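The values are calculated or read from the model by the stated rules, or taken from the named source; none is laboratory data. Just so it is clear, the model here is predicted, and its values are computed rather than measured. Ideal geometry is used to build each Cβ from the backbone, glycine not excepted, and the neighbour counts take in all protein chains shown.
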Amino acid sequence: MKALHIHAGPKALAHIREHGLRPEHVGVIPAAAGGPKGLILGPLDRFIFGEWLTQSQQTVDLVGASIGAWRMGTACLDHPVAAFQHLERDYIQQHYDPLPGQKRVSAQQVSDAFGANLQSFYGGRVSEILRHPRYRLHIVTSHGRHLLHREHPVATPLGYAGAFISNAISRRSLGGWLERVVFSAAGTSLPFDTQDFRTRTVALNEDNFMAAMQASCSIPFALKAVHDIPGAPRGAYWDGGITDYHMHLKWAAPAGPDKALVLYPHFQQQVVPGWLDKSWPWRHRSSPSLDSTLVLAPNPEWVQSLPNRKLPDRKDFMRYAHDLPGRMQAWRSAVSASQQLADEFAQWMLQPDVGVLKAL
């Protein structure tokens, strides 16, 4: 069974028909939030950043939220293949036991442990990311407004209830509660249009990198918000996936074949705009914003062959609450199987066949 499905927007399809697919054609790589689902993209990440893109010279914008930000930050390290292997190992091994006298793990405990993991992973290496000669990192976060400006035991649940209701009315209405704040490598501009949603940009530097990365991964109520990030507007910052779950953004593709494509390794075909849009299937459809996008996604039938007949996800922490070795084995098996995704993509690029491309 084929593991990989390749979905192309109309401009991406026309590009491949005329020019094929070469590494210099890629201008942007997005990376979705989605927690453990992102693990199955490890082999693709290692191939793309460790072998394929090394054959070109152009700059590439890497845009990520949550685990996607962690993956794209990893791609900017000096030895990305080894770094991706390290990320995979650390993510699979993460485990949280309740403190003595507590029945469940607190958000503060998870935040403290996660912050320590980030320090262990990126400590002393942030300069590698910021000075990368080709890759321009953009970390997406969600900044609270009004009731969500500061984390509070009463105001925060009320604020997110308001955000949910507003988002149900329209995605733009969500901007009354949360705004997109993107921490970008100095001297770079965003590779997407920001008219869709209230947006601010902040220069990414050594003083705010760790806080920005932790904020981008801070799921509300599961982790604590990150407050007052250096160089950024004051207030509470949460997971970038709340505003931009799968990076359904209006990408700015240049004219001509070079850097014309958005290459998107993803864990599903659908590119969902925000985390609160998961309940609204009509918002999962493609749009002209994705016309130049090529999505690499697992075949849903192949996913059925993985442990538990699904991708790894956060529910596995509960499923295997008393069986850490079982969860780790299930996730390792899924990651091992996903090598097929990278192998099939590499094989397809030897002679790109537009006949296998599916509509996005």
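Of the residues making up segment 309-323, those that are in contact (Cβ under 8 Å) with a residue 12 or more places away in the chain and either exposed (fewer than 14 other Cβ atoms within 10 Å of the Cβ) or under 30 Å from P23 (Cβ atoms) (or both) are L311, P312, R314.
Here is a yes/no grid of residues against (1) of a type in the set (S, T, N, Q); (2) at pLDDT 95 or above; (3) within 26 Å of V202 (Cα to Cα):
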residue	(1), (2), (3)
Q55	yes, yes, no
I67	no, yes, yes
W70	no, yes, yes
A75	no, yes, yes
D78	no, yes, yes
E88	no, yes, no
I92	no, yes, no
P100	no, no, no
K103	no, no, no
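Only a single criterion out of (1) modelled with pLDDT of 95 or more; (2) in a loop (DSSP other than H, G, I, E, B) is not satisfied by D196, namely (1). Within segment 176-210, the residues that satisfy the criterion of being in contact (Cβ under 8 Å) with a residue 24 or more places away in the chain, closer than 22 Å to T74 by Cβ and small (G, A, S) are S184, A185, A186, A203. Within segment 35-55, identify whether any single residue is in a loop (DSSP other than H, G, I, E, B) and of a type in the set (S, T, Y), and answer yes or no. No, segment 35-55 contains no residue that is in a loop (DSSP other than H, G, I, E, B) and of a type in the set (S, T, Y).
Listed by position, the strands (runs of 3 or more DSSP E) contained in segment 204-303 that have at least 1 residues being over 30 Å from S111 (Cβ atoms) and out of contact with any Ser or Thr (no Cβ under 9 Å at 6 or more places or on another chain) are 293-298.
Within segment 44-63, track down each residue that is within 23 Å of V335 (Cβ to Cβ) and crowded, with 16+ Cβ neighbours inside 10 Å. Step through it out loud before you land on a result.
Residues of segment 44-63 that are within 23 Å of V335 (Cβ to Cβ), as a first pass: 44-54, 62.
Those that are within 23 Å of V335 (Cβ to Cβ) and crowded, with 16+ Cβ neighbours inside 10 Å: L44, D45, R46, F47, I48, F49, G50, W52, L53, L62.
For segment 251-271, state whether one or more residues are closer than 19 Å to G159 by Cα and either hydroxyl-bearing (S, T, Y) or modelled with pLDDT of 95 or more (or both). Scanning segment 251-271, I find no residue that is closer than 19 Å to G159 by Cα and either hydroxyl-bearing (S, T, Y) or modelled with pLDDT of 95 or more (or both), so the answer is no. Looking across A116, A69, one residue alone is part of a helix (DSSP H, G or I), among the aliphatic types (A, V, I, L, M) and exposed (fewer than 13 other Cβ atoms within 10 Å of the Cβ). It is A116. Candidates are the residues of segment 119-139 that are hydroxyl-bearing (S, T, Y) and surrounded by fewer than 13 Cβ atoms within 10 Å (Cβ to Cβ); the one that is nearest to N208 (Cα to Cα) is S127. Would you mention how many residues in segment 149-190 are more than 26 Å from L137 (Cα to Cα), of a type outside the set (A, V, I, L, M, F, W, C) and in a loop (DSSP other than H, G, I, E, B)? Residues meeting the conditions: 5.
Which of the following residues is among the aliphatic types (A, V, I, L, M), part of a helix (DSSP H, G or I), out of contact with any His (no Cβ under 7 Å at 6 or more places or on another chain) and closer than 26 Å to I219 by Cα: A330, A346, A321, A342? Step through it out loud before you land on a result.
Numbers: A346 fails: closer than 26 Å to I219 by Cα; A321 fails: part of a helix (DSSP H, G or I); A342 fails: closer than 26 Å to I219 by Cα.
Testing whether each residue is among the aliphatic types (A, V, I, L, M), part of a helix (DSSP H, G or I), out of contact with any His (no Cβ under 7 Å at 6 or more places or on another chain) and closer than 26 Å to I219 by Cα leaves just A330.
Look at (1) without any contact (Cβ under 8 Å) to a residue 40 or more places away in the chain; (2) aliphatic (A, V, I, L, M); (3) touching a Pro at 6+ places or on another chain (Cβ under 9 Å) and you find that L341 fails only one, number (1).
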